[in-house]
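Below: one structure, written as structure tokens.
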Amino acid sequence: MAQHLPPHRIREIYDVVFALVAEHGYANVRIDQIAKAAHTSTATIYRHWGSKSKLVVGVLTADTHDEPDIDTGSLLGDLHAHVDAIGDDLPAAVRFLTSIALAASDDEELSRSYREHGVPVIRHSLDAAIERAITRGELAADHPAIAHLVPLLLAPHVVTRLLLMVTVTPADTHAYIDSVIPPLLQLTPSPKAH
């Protein structure tokens, strides 16, 4: 996959894919549009990624090797730090992810690629934060909500975007974390104001 393109070109192509899919939706973006916006050829894209679905899911996995785990010393602090790390890109990231998730229900190749490569990336850092909270004794390992925590953290973005047609901001996400997660997990609310 994308082995003889220089890393900066791969990053540029991924940036174009992210912007186009976030703005227009997965189903409305074609490889030729991506190639034109990225100043490359469709042949280059197909040679390196093989398909649109693999290229788009590649955007999700692009930064995972260099991304350090966030460890603030508390689960709530880690969740807030994740939101801060995404920052102003949060609304575009939500549009990008919801577009992929919706398209995956009708596209078997995208669905398979998303499940195999995208979902583990999404879960990785949140699962690591949960494991650290268990290790610190902040959260019981057998807490019944643990299995639902990652979907619960993503739910307000998806529901608010798709059903209510409202864009969720980082401030909304910080408020959600502070108001919903502590009572659910019986945690002490975060002292950090957002």
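Brief remarks on what is shown
- Ligands, DNA and RNA left out, the 1.4 Å accessible surface of segment 26-167 is 56% carbon and sulfur atoms.
- Rolled with a 1.4 Å probe across the full set of protein chains, the surface gives ILE31 an accessible area near 10 Å².
- Helical segments meeting 20 Å axial Cα length and Kyte-Doolittle 1.0 threshold in the chain (DSSP H): 90-104, 146-162
- Ranked packing of 161-167, 177-183, most packed first, by mean Cβ within 10 Å: 177-183, 161-167
- Residue order by solvent-accessible surface for ARG47, ARG123, ARG30 is ARG47, ARG30, ARG123, largest first, with ligands and nucleic acids left out and a 1.4 Å probe.
- Accessible surface, per residue, of segment 1-158 when the full set of protein chains is kept, probe 1.4 Å, Å²: 52
- Largest GNM mean-square fluctuation among TYR176, TYR114, TYR14, using the chain with Cα springs under 10 Å: TYR176.
The values are calculated or read from the model by the stated rules, or taken from the named source; none is laboratory data. These numbers come from a predicted model, not from an experiment. Cβ atoms come from the backbone with ideal geometry, glycine included; neighbour counts cover every protein chain shown. Surface areas here come from the heavy atoms of the whole protein model, side chains and all, with no ligands, DNA or RNA. Shrake-Rupley method; radii C 1.70, N 1.55, O 1.52, S 1.80 Å.
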